[in-house]
Amino acid sequence: MNVLTSAPAWAATRAGAVLTVNLDAIASNYRTLRKMCGDTACAAVVKADAYGLGAAQVAPALERAGAQEFFVAHVDEGIELRRYITPLCRITVLHGPRPAATRDCVRHSLRPVLNSPEQIEAWRQEAVHQGHPLDAVIQIDTGMSRFGLSPAQFRSLAEEPSLLAGIDVSLLMSHLACADAPRNEANIMQRQRMRDASALMPGLSVSLAASSGIFLGSDYHFSLVRPGAALYGIAPNAELAVNPLLPVLRLSARVLQIRTIGAGEGAGYGLTDRAQVPRRAAVVAIGYADGLTRHAAGEGCAWFGSTRLPILGRVSMDSVIVDISDVPEQALTQDMLVDLIGPHYGVDDAAQAAGTIGYEVLTSLGRRFHRDYIAS
Ligand SMILES: *Cc1c(COP(=O)(O)O)cnc(C)c1O
């Protein structure tokens, strides 16, 4: 059964909108990515509540699909994630701990990414306190100017092993700034800086690629890849003719009212949308408080089956008005649902219409939806 195109069984629920997350598709995307990487280990990035889709459901599904390495951004995300996956899994915290939180990392067996000399020193002191070596990742800034030691700082560290006494460095990592632009020369530069850094501490595992980096080719895979977005169906770059990842969600919202907007009448706040012809309009129970950004007005739309329903006027907090003039009268029903993200309109399409990226569409998904998780 392809749940993303089947008739919604949840149409009777009270919710204004329903988010259906297909855990089987997420698992399948994980396996697709892992296959692309051969012997390289494939982690799963589940920060920001698994990009808004629900870490409590998504992380166990990824573990069942074979993932054993998980990445989050914050210590608190790691502590919560520990409840959802087995102790066999390793959790790495991208931001690393603030000095006051090193003990919490140890207590919850979270591996920190150490991004600065200060974090390294705090972790070293924690190891002294614990009386045994502590596992950690060291991040090197290979060009993004965001997180990590500069190459010069890393060189000093490599030349002064006492700075790392008690720290068991299990991975060197960096992050690509332009991986979604395969021809951007910054990718080659960052890869070279990663290689140079790794030569200073030979024998350590290395990780450079997130989702888009995987698609730059095996030269970018090193020991471990860290996909997030691709697990959730976001296209790794705009140059692929076909996105090899499966869509994983559907967002449908209920029609609350159907009305006719007369010629010359506006719709919504500001009466911004006036047309000289009468239009049939549906008021739909989803708004910017649910993550349907106001920037979706204009290019954005909803869908009824394969019929495109342009957004009329501005998006309100709890509702949006869409033009249903193209939907045949007999197809209109009380309580009908329209798709904001669905089989005809993916996350990347919705993002493009709103002038943003799929990542932001996912992580903006609201908390008011009824959520259905599909798993075989
Ligand atoms: C968010 C993040 C990832 C995952 O990135 P995607 O593009 O979603 O695959 C990997 N590594 C780091 C350091 C990140 O911040």
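Bear in mind these aren't lab numbers, they're just calculated from the coordinates by the rules spelled out. Every value quoted in this text rests on a predicted model; they were computed, and no experiment measured them. Here Cβ is always computed from backbone atoms with ideal geometry, including for glycine, and neighbour counts include all displayed protein chains.
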Next on the checklist: For segment 54-79 and segment 30-44, what is the centre-to-centre distance using only Cα atoms, to the nearest Å?
Outcome noted: 16 Å
Item to check | Per-residue HN-Hα couplings for segment 360-375 [Karplus 6.51, -1.76, 1.60; θ = phi - 60°; Hz; x = Gly/Pro] | outcome: 6, 4, 5, 6, 8, 3, x, 9, 8, 6, 6, 10, 10, 10, 9, 8
Checklist entry - Gap in Å between the Cα centre of segment 337-376 and the Cα centre of segment 93-163? => result 36 Å
Checklist entry - Taking neighbour Cβ counts within 10 Å as the exposure measure, how do R279, R226 sort from fewest upward? => result R279, R226
Item to check | Net charge over other residues, Cβ less than 12 angstrom from the Cβ of R191 (K, R count +1; D, E count -1) | outcome: -1
Checklist outcome for this item: Applied in sequence order to segment 286-297, the curve 6.51 cos²θ - 1.76 cosθ + 1.60 (Karplus, θ = phi - 60°) yields integer Hz couplings, x standing for Gly and Pro, of 8, x, 5, 5, 9, x, 7, 4, 4, 5, 6, 4
Item to check | Residue among I91, I138, I261 with the largest mean-square fluctuation in a Gaussian network model of the chain, springs linking Cα atoms under 10 Å | outcome: I261
Checklist entry - What percent antiparallel are the DSSP beta bridges of the chain, to the nearest 5? => result 50 percent
Next on the checklist: I'd like the Karplus ³J(HN,Hα) series for segment 116-123: coefficients 6.51, -1.76, 1.60, θ = phi - 60°, whole numbers in Hz, and an x wherever there's a Gly or Pro.
Outcome noted: 8, x, 5, 5, 4, 5, 5, 6
Next on the checklist: Between T142, T92, T363, where does the largest GNM mean-square fluctuation fall for the chain, given springs only between Cα atoms within less than 10 Å?
Outcome noted: T363
Checklist entry - How much mean residue ellipticity at 222 nm does the chain get from its helices, if each DSSP H run of length 4 or more adds -39500 (n - 2.57) and you divide by all residues, to the nearest 500 deg cm²/dmol? => result -7500 deg cm²/dmol
Next on the checklist: Just want the ordering: H108, H132, from fewest to most Cβ atoms lying within 10 Å of their own Cβ.
Outcome noted: H132, H108
Checklist entry - Rounded, prolate or oblate: which fits segment 37-232, taking a ≥ b ≥ c as square roots of the Cα gyration tensor eigenvalues, rounded meaning a/c under 1.5, else prolate when a/b beats b/c? => result oblate
Next on the checklist: Quick check: the angle from helix 23-36's long axis to the longest principal axis of the chain, C-alpha only, nearest 10 degrees?
Outcome noted: 50 degrees
Next on the checklist: Using only Cα atoms and rounding to the nearest 10 degrees, what angle (0 to 90) does helix 185-200 make with the longest principal axis of the chain?
Outcome noted: 30 degrees
Next on the checklist: Suppose a student asked you for the relative contact order of the chain, using Cα pairs under 8 Å spaced at least 6 residues apart; what percent would you report?
Outcome noted: 18 percent
Next on the checklist: Can you find, among G366, I167, Q276, the residue sitting farthest towards the positive end of the charge dipole of the chain, where Lys and Arg contribute +1 and Asp and Glu -1 at Cβ?
Outcome noted: G366
Checklist entry - When the chain is modelled as a GNM with alpha-carbon springs shorter than 10 Å, which of A44, A238, A56 fluctuates the most? => result A238
Item to check | Residues K35, K47, sorted so that the one with the fewest Cβ neighbours within 10 Å comes first | outcome: K35, K47
